[in-house]
1. Is the range 205-223 home to any residue that is at pLDDT 90 or above, assigned to a helix (DSSP H, G or I) and touching a Cys at 6+ places or on another chain (Cβ under 9 Å)?
2. Could you say whether any residue in the range 179-201 is touching a Leu at 6+ places or on another chain (Cβ under 9 Å), outside the structural domain of residue 246 (by TED's automatic domain parsing), among the aliphatic types (A, V, I, L, M) and surrounded by fewer than 18 Cβ atoms within 10 Å (Cβ to Cβ)?
3. If a residue must be of a type in the set (Asp, Glu) and touching a helix residue (DSSP H, G or I) at 6+ places or on another chain (Cβ under 9 Å), how many such residues does the range 239-267 contain?
4. Filter the range 286-319 for residues that are modelled with pLDDT under 50 and among the acidic types (Asp, Glu) and give the result.
5. Would you point out which residue out of 191, 177 is of a type in the set (S, T, N, Q), under 16 Å from the mean Cα position of the chain (by Cα) and at negative phi?
6. Only residues that are in contact with a Lys or Arg (Cβ under 9 Å, 6 or more places away or on another chain) and among the polar types (S, T, N, Q): list them for the range 234-254, please.
7. Could you grab me the full set of residues in the range 254-286 that are basic (Lys, Arg) and either surrounded by fewer than 11 Cβ atoms within 10 Å (Cβ to Cβ) or under 22 Å from residue 214 (Cα atoms) (or both)?
8. Would you pick out the residues in the range 227-282 that are within 30 Å of residue 156 (Cα to Cα) and among the hydroxyl-bearing types (Ser, Thr, Tyr)?
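The values are calculated or read from the model by the stated rules, or taken from the named source; none is laboratory data. The shown structure was predicted, so the numbers you read here are calculated from the model rather than taken from an experiment. Please note: Cβ atoms are built from the backbone with ideal geometry, for glycine as well, and neighbour counts cover all protein chains shown.
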Amino acid sequence: MSKPDWGALQDQFLADHARSGISPTAWCEAKGLNYATARRYIKKPSKSAQSEMRNTAQKEVRTSKTAQSGKGKTATNKIEPQIKNDVIEIESDPSEFIFDPRDYGINEQQAKFVSEYLLTGDKYASYRNAGYKCDGETGKAAARRLYRHVSVYRAIRDGLDKRQKRYTAELDEIVHQLVSITRADPNELSQFRHVNCRYCWGDNHRYQWRDIGEFDEAAEKAAGDGKPQPEYGGLGFVESDDPNPDCPKCEGAGEGQSYIADTRNLAGTDARWLYAGIKHTQHGIQVLTADQDAARRTLIQLLTAQAAREPANNKTGLEDDYQLQAITPDEPTPDNPIL
């Protein structure tokens, strides 16, 4: 089998990339090339070259529109939606997520919110940096609504997925998922934590109420039952607050609380692959997870088999990201083994 002409293939990729912004991985997949091998040859142009090609393409489009506007005077004057940045590129993201806002049906300001969120992960900061005017609690609520906007969230999800994906071949994707499972922190899914009791932060360590409505309801019930008025230690109790180490009631231990994370926010994290769903039981909700020990064993088997199949002078690129440390039965396990 003849060796591919990588120079010619790189020229073809650059031409296709200039027209459509296609990524090297997607282009190799379309051409039937193994990206693990081709990635040493098929590369994006430098930032300056991309900018020059983009400017050239925009000039050609403007020239074409100018020429068409002079042909005949009976054409309907349709105002097309204008998007200043036809292509949004997240420069600090190593996966270089590039997207066209029109593909998601969002406007320029919403696209700016998407790009800011992919950089910071902060809804409110991204909302403000995108140029929206609301601030304070109103702004935070508006930022949450914008984040949950179907089209905006789809763009964010694709961007996070792009950041998370590192391979396109089936075996490489399996390796990627196994690595994510092995290094995921289960605390990102569920926690057992100690939170404050009702007396921790109350005035003089008396019973603290959430709001005046809760206190009035308890006072009314006590009056109806002929009991004394309930203890009043102020308002503002927050159930998730930390315990007060000086609390005489709980002695700083607080109260135990089980917590399950919002799994909608797992996109782009290792915990996404660890999470396997939930199960409702008679004792409550059970968080289902992948077996991390089994994932480690399978990962080592796959990488060992991959290394055995590949000739020494034909690396696939996996060796750059993962290393196996061979140990003998008499050798102690290293403190920080490299996978």
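1. Filtering the range 205-223 for residues at pLDDT 90 or above gives 205-223.
Keeping just the survivors that are assigned to a helix (DSSP H, G or I) gives 205, 212-223.
Then drop every residue that is not touching a Cys at 6+ places or on another chain (Cβ under 9 Å), which leaves 205.
Checking the range 205-223: at least one residue is at pLDDT 90 or above, assigned to a helix (DSSP H, G or I) and touching a Cys at 6+ places or on another chain (Cβ under 9 Å).
2. No, because not a single residue in the range 179-201 is touching a Leu at 6+ places or on another chain (Cβ under 9 Å), outside the structural domain of residue 246 (by TED's automatic domain parsing), among the aliphatic types (A, V, I, L, M) and surrounded by fewer than 18 Cβ atoms within 10 Å (Cβ to Cβ).
3. Within the range 239-267, the subset of a type in the set (Asp, Glu) is 239, 241-242, 246, 251, 255, 262.
Remaining after also requiring touching a helix residue (DSSP H, G or I) at 6+ places or on another chain (Cβ under 9 Å): 246.
Adding up the residues that qualify gives 1.
4. Correct list: 319 only.
5. On the way: 191 fails: under 16 Å from the mean Cα position of the chain (by Cα).
Answer to the check: 177.
6. 240
7. The first filter runs over the range 254-286 and keeps only residues basic (Lys, Arg), leaving 264, 272, 279.
Within the range 254-286, 264, 279 qualify.
8. 240, 258, 259, 263, 269, 275
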